[in-house]
Amino acid sequence: MSHPFARNARAVALGLLAAVASVAARADAKLHPLFTDHAVLQQGKKIHVWGWADPGEKVAVDFAAQHVETKADKLGHWHAWLQPLKATAEGRPLRVVAHNTLELQDVVVGEVWIASGQSNMEWPLDRSFESQGDIESSSNPNLRLFTVLKARSRVPLSNFAEPDKHAWHPSAPEFARKFSAVGYYFGRDLQASLNIPVGIIHTSWGGSPAEVWMSDDVLRDNHAYERDILRPWGRQRQALVPQVRQWEAERDAAKAAGKPFTKGVPNGGWTPSELYNAMIAPLLGYGLQGGIWYQGESNAGRAWQYRSLYADMIRNWRRDFDQSPFPFYAVQLAPWDKGRKRSLEEIAKEPGESDWAELREAQSVASRAVRHAGVAVITDLGDKDDIHPTKKAPVGARLAMLARRDVYKQRILAEGPVLTAVSPVGDHVVLRFGEIGSGLKSADGGPLKGFAVAGSDRKWHWAVAEAKGGEVRVSCPDVPKPVAVRYGWADFPIVNLVNSAGLPASPFRTDRWPAITNRQ
């Protein structure tokens with residue numbers, strides 16, 4: 001019979017071993033990968049910091065003389081909220097203490113914007129017009145860049161598909177050269193104007209339509225989207241079933257024969273919500289000021305639908321980021337002749353209909369509908385033979401000007417002439433514009449181009465246009481009584497109306513005649 005002390009000693013030893021094993025088995029507390037060295041936190045709003053730990057584990061967060069304690073919930077999620085802070089370029093440590101300690105270095109507070117869309121937003125700085133000098137001079141510790149890697153998901157994700165490959169980087173040639181050119185130039189100009197840290201989170205994918213950047217519940221809540229987007233996709237997915245089964249058979253046969261098999265699984269193109277789920281949902285909760293958006297090419301054939309789709313996407317993001325007003329600025333579709341290889345003379349032969357013009361109109365209609373939104377006009381920056389015009393610096397600059405005026409209350413002329421009134425007067429029409437500066441003019445000093453008029457017969461004719469002060473007088477001898485005017489209404493508009501700052505007027509139409517993309 002063993003001595004009681006020996007039995008107790010063995011029990012204590014076993015207990016200690018179990019405790020050690022328990023501690024050893026505990027998972028380390030982790031931060032969401034949006035929080036890395038060199039991160040930018042949004043000024044002026046409560047700062048949400050979050051991550052994962054063992055359920056019930058106590059977690060403390062320390063930053064900028066603030067100490068917040070919290071506890072992981074039953075699923076192991078923890079959240080801490082820091083009080084709003086003023087912008088500062090002083091890099092400070094952010095410390096997270098649980099049973100392990102995490103410490104980030106050089107975390108600053110400033111302005112954070114998200115940059116998203118399709119290929120013209122994805123387009124890198126090193127493929128942009130005359131960008132080598134900008135790359136060489138891109139080192140700036142107060143401009144910081146974060147890129148979300150491409151991923152797809154059928155369900156919303158709380159983390160990135162490859163979390164360890166994500167990090168904030170202070171702008172420098174090795175990081176800026178492959179970053180979104182539009183995102184970089186927007187951030188560069190904004191930072192120079194505000195003189196505080198600016199962070200840009202870039203998340204885009206070439207060729208993507210707007211509906212893949214929207215949540216499933218928003219698409220399903222709209223009967224038209226259910227009919228025009230979700231049902232066709234469902235039919236397309238059903239049609240893929242035999243192809244996928246054939247692919248599986250080929251894969252299995254190759255495996256059985258010991259042969260390599262590299263053929264990709266048939267996927268049928270874009271799945272609604274898949275990029276929202278994988279490339280937006282993981283960002284939700286991070287403090288942002290607003291967003292910039294360069295997309296629409298893949299929706300041009302459904303331009304009428306885009307009036308509501310784009311507006312609902314903005315509302316969707318505002319709701320899910322839970323931030324207001326969350327200003328949102330889009331780049332208007334650039335002029336492009338859709339690969340038809342026509343000369344400028346052929347393009348200008350006669351006015352006609354255009355789905356790209358209707359998409360540009362839809363961008364403006366949606367922006368007005370949601371408020372705190374705008375459109376950067378780039379009718380002077382297109383390439384008739386390339387859907388990817390490479391002059392990205394002025395695109396970023398014009399987006400930044402909209403933000404500087406609207407968000408940061410700088411008194412600048414931030415956009416081109418905006419149509420405010422239309423007055424038919426006998427054989428001509430008088431158009432009045434706002435945002436003119438000291439007056440309207442043609443960009444090249446020649447006659448105004450791109451205006452067309454129609455009478456009640458709805459036949460369009462090129463018009464003569466003359467600018468005086470803030471007005472343009474439009475007429476055509478073939479239309480004795482014009483009732484409607486269009487400007488720049490083409491895939492590749494040839495136009496030259498600008499304000500005193502040289503910023504171009506947006507294409508427009510004064511008629512409400514049926515749109516070619518309105519299939520309702």
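Values quoted throughout were computed directly from the atomic coordinates according to the rules given, and no laboratory measurement underlies them. Note that the structure is a prediction, hence the values are computed from the model and not measured. Ideal geometry is used to build each Cβ from the backbone, glycine not excepted, and the neighbour counts take in all protein chains shown.
Given 20 °C and 1.002 mPa s, compute D for region 379-520 with the Stokes-Einstein relation, Rh being the Kirkwood radius over Cα pairs; round to the nearest whole µm²/s.
Roughly 132 µm²/s, to the nearest whole number.
Summing -39500 (n - 2.57) over the DSSP H runs of n ≥ 4 in the chain and dividing by its residue number, what mean residue ellipticity at 222 nm do you reach, to the nearest 500 deg cm²/dmol?
-8000 deg cm²/dmol
On a 0 to 90° scale, report how tilted helix 393-406 is relative to the longest principal axis of the chain, with both axes built from alpha carbons and the result rounded to the nearest 10.
Around 80 degrees separate the two axes.
In sequence order, what are the phi-derived ³J(HN,Hα) couplings for region 248-259 according to the Karplus relation 6.51 cos²θ - 1.76 cosθ + 1.60 with θ = phi - 60°, rounded to whole Hz, with x for glycine and proline?
4, 5, 5, 4, 5, 5, 5, 5, 5, 8, x, 9
I'd like the antiparallel share, as a percent to the nearest 5, of DSSP beta bridges with both residues in the chain.
70 percent
Take the Cα pairs of the chain, get the Kirkwood Rh, then feed it into Stokes-Einstein at 25 °C and 0.890 mPa s and tell me D in µm²/s.
D, rounded to a whole number, is 95 µm²/s.
Sort Leu219, Leu309 so the one with the fewest other Cβ atoms within 10 Å of its own Cβ comes first.
Fewest to most other Cβ atoms nearby, the residues stand as Leu219, Leu309.
With each pseudo-label sitting 7 Å past Cα toward Cβ, what's the Lys263-Arg220 distance in nm, one decimal?
Here the modelled spin labels are 3.4 nm apart.
Could you list which residues have their amide H under 5 Å from that of Gly291, counting only those 5 or more apart in sequence or on another chain, with H placed in the peptide plane?
So Gly291 has HN proximity to Ile114, Phe328, Tyr329.
Do any GluC sites (Glu not before Pro) in region 128-195 lie in a DSSP loop with no more than 13 other beta carbon atoms within 10 Å, and if so, which?
Passing both the DSSP loop test and the Cβ count: Glu130.
How do Tyr408, Tyr487 rank when sorted from fewest to most other Cβ atoms within 10 Å of their own Cβ?
If I rank by nearby Cβ atoms, fewest first, I get Tyr408, Tyr487.
Once you charge only the Cβ atoms, +1 for Lys and Arg and -1 for Asp and Glu, what is the size of the charge dipole of the chain about its Cα centre, to the nearest 20 debye?
That gives the chain a dipole magnitude of about 900 debye.
Set Lys and Arg Cβ to +1 and Asp and Glu Cβ to -1, take the dipole of the chain about its Cα centre, and tell me which of Val218, Ser298, Phe451 lies farthest positive.
Checking the options against the dipole of the chain, the answer is Val218.
So what is the relative contact order for the chain, in percent, with contacts set as C-alpha pairs under 8 Å and at least six apart?
Values: 1132 pairs, mean separation 65.0, N = 520.
Computed over the chain, the figure is 12 percent.
Please work out the C-alpha center-to-center distance from region 424-495 to region 77-133 and express it in whole Å.
Using only Cα atoms to place each centre, the spacing works out to 46 Å.
Taking loop as defined by DSSP and a crowding limit of 10 other beta carbons within 10 Å, which trypsin sites (Lys or Arg not before Pro) in region 272-343 fit?
Lys341
Quick one: order Asp444, Asp37, Asp385, Asp134 by neighbouring beta-carbon count within 10 Å, fewest to most. Don't jump to the answer; show the numbers that get you there.
Working: Asp444 10, Asp37 16, Asp385 13, Asp134 21.
So the ranking, lowest neighbour count to highest, is Asp444, Asp385, Asp37, Asp134.
Given N residues in region 284-352, what is Rg(Cα) / (2.2 N^0.38 Å)?
1.55
Sort out for me the Cα centre separation of region 182-218 from region 326-354, rounded to whole Å.
24 Å
Expressed as an acute angle from 0 to 90° and rounded to the nearest 10, what is the orientation of the C-alpha long axis of helix 4-25 relative to the principal long axis of the chain?
Tilt relative to the chain: about 10 degrees.
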